[in-house]
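Nothing in this text is a laboratory measurement; each read-out follows from the coordinates by a stated rule. Just so you know, these numbers come straight off a predicted model, no measurement behind them. Cβ coordinates were reconstructed from backbone atoms using ideal geometry, including for glycine residues, and neighbour counts include every protein chain displayed.
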Ligand code: HEM
């Protein structure tokens with residue numbers, strides 16, 4: 001199997017589609033990461049797009065060499081695209097925008113962001129995905145849950161101690177949301193405890209990577225760039241060390257599975273190991289972290305729903321899909337058309353890029369009545385697309401759901417008066433809904 005970093009073609013920024021059915025309305029720039037930092041996900045603008053231009057053309061500035069793309073905002077179109085991996089390929093151009101951005105960036109990072117199973121089509125994708133299965137079964141997750149419960153309580157004790165010294169207030173992200181997914185993932189991977197804080201630090205830098213690497217206009221100090229490059233180097237060195245160690249000394253952990261997976265009887269080479277390492281630590285951490293924080297924001301905005309959960313904690317499992325629908329922690333996945341197609345009356349030509357906006361699909365009123373409202377009794381909340389769908393549907397969805405359920409059961413039990421204070425910040429990122437701070441008042445005063 002050839003690595004995608006070796007076969008990927010440069011993107012053609014000068015390409016324009018032969019036919020544009022809908023004019024793209026003004027109001028938000030989906031390519032401007034600073035707009036996501038300043039405003040979060042543009043739900044109102046997604047609404048305008050769904051109504052006026054459900055398939056809209058986006059042209060990155062000529063200062064980048066990133067290809068233009070079709071933005072999909074209707075639920076049916078996103079689902080159709082995600083389910084049809086033959087027409088809409090992950091492997092032909094990768095699932096992220098901006099691989100070949102002129103901003104440059106570390107070669108190992110751009111290679112790794114291409115060389116993993118999320119960027120592979122069949123026949124390579126399925127066997128690699130299947131190899132991970134033992135660590136994603138209900139049985140395995142059931143065994144993990146009691147350790148996650150203990151960790152939730154430890155983190156909440158710590159949060160309470162900090163809040164007591166600060167008028168009841170504490171940052172939920174840096175004291176809870178970023179630690180719980182990291183703990184769970186490290187338990188699965190088999191990462192030594194002393195090394196875990198480094199993973200949280202690398203995550204901060206990774207969240208800023210697309211902005212630093214992909215935006216030639218990015219306003220970042222040379223000192224921050226130096227720290228960024230150093231941390232990215234450390235992250236790959238560490239991943240290489242532990243994965244090679246597992247080849248020599250296999251254990252019963254997910255790192256061993258990643259390190260020893262073979263394709264056609266051949267072990268995977270270092271560039272695939274780099275990619276798998278990057279995929280698992282990013283996919284397993286950042287997404288759950290943002291759903292934990294985003295759910296707190298929702299429960300403060302929809303107090304009646306929160307009260308129902310306090311009165312009847314058995315409703316928490318059905319709150320989780322509704323919260324994921326509204327938060328949509330992963331904002332998009334990109335595909336490349338392998339044949340001509342048509343979506344909502346817009347012709348898509350072979351070779352064109354298509355971007356599925358999950359946050360827009362998840363608030364499509366044709367599928368979810370009163371889509372901006374949190375309703376824990378919503379009958380079809382489970383149809384949300386926050387985990388994607390089809391061949392690449394999130395491998396970690398059960399792990400994510402288990403962590404969300406466990407966390408909110410304990411949070412609402414211990415701190416029923418907890419509330420978001422309204423203070424928050426986002427990292428400049430248009431790929432994940434990257435909530436970097438979220439202040440809560442634990443209501444203990
Ligand atoms: C709320 C938390 C999470 C969300 C919203 C989320 C979302 C997603 C999405 C949208 C995809 C792509 C689906 C598609 O292309 O159709 C994906 C893939 C993936 N996710 Fe998650 N994810 C979450 C948590 C996790 C966790 C906890 C793990 C691992 C422990 C994980 C591991 C993966 C992997 C390995 C893939 C690639 C699967 C493949 O290519 O076959 N995710 N996730």
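Our summary of shape: the Cα atoms of the range 119-274 have principal axis extents of 60, 46, 28 Å, ordered from largest down, in whole angstrom. Pick out which of 163, 259, 434 has the largest mean-square fluctuation in a Gaussian network model of the chain, springs linking Cα atoms closer than 10 Å. Ranking 163, 259, 434 by mean-square fluctuation puts 163 first. Using bins of 10 Å that start at zero, the share of Cα-Cα pairs per bin across the range 1-154 amounts to 9, 26, 31, 23, 9, 1, in whole %. Computed over the chain, the P(r) curve from all C-alpha pair distances, binned at 20 Å from the origin, holds 25, 60, 15, 0 percent per bin. Roughly how far apart, in whole Å, are the Cα centres of the range 211-272 and the range 120-161? Computed from Cα coordinates, the inter-centre distance equals 20 Å. Note on the range 4-441: antiparallel DSSP beta bridges, both residues inside, total approximately 85 percent of the bridges counted. How far apart, in nm, are the 7 Å Cα→Cβ label points at residue 7 and residue 131? Here the answer is 1.7 nm between the modelled labels. Highest GNM mean-square fluctuation among 243, 324, 315, for the chain modelled with Cα contacts below 10 Å: 315. Here the peptides 141-152, 8-19 are ranked by packing, the mean other Cβ count within 10 Å, and the order with the highest first is 141-152, 8-19. With R₀ fixed at 25 Å, the C-beta to C-beta distance from residue 445 to residue 314 puts the FRET efficiency at about 0.25.
Largest GNM mean-square fluctuation across 258, 435, 225, computed for the chain with C-alpha springs under 10 Å, falls on 225.
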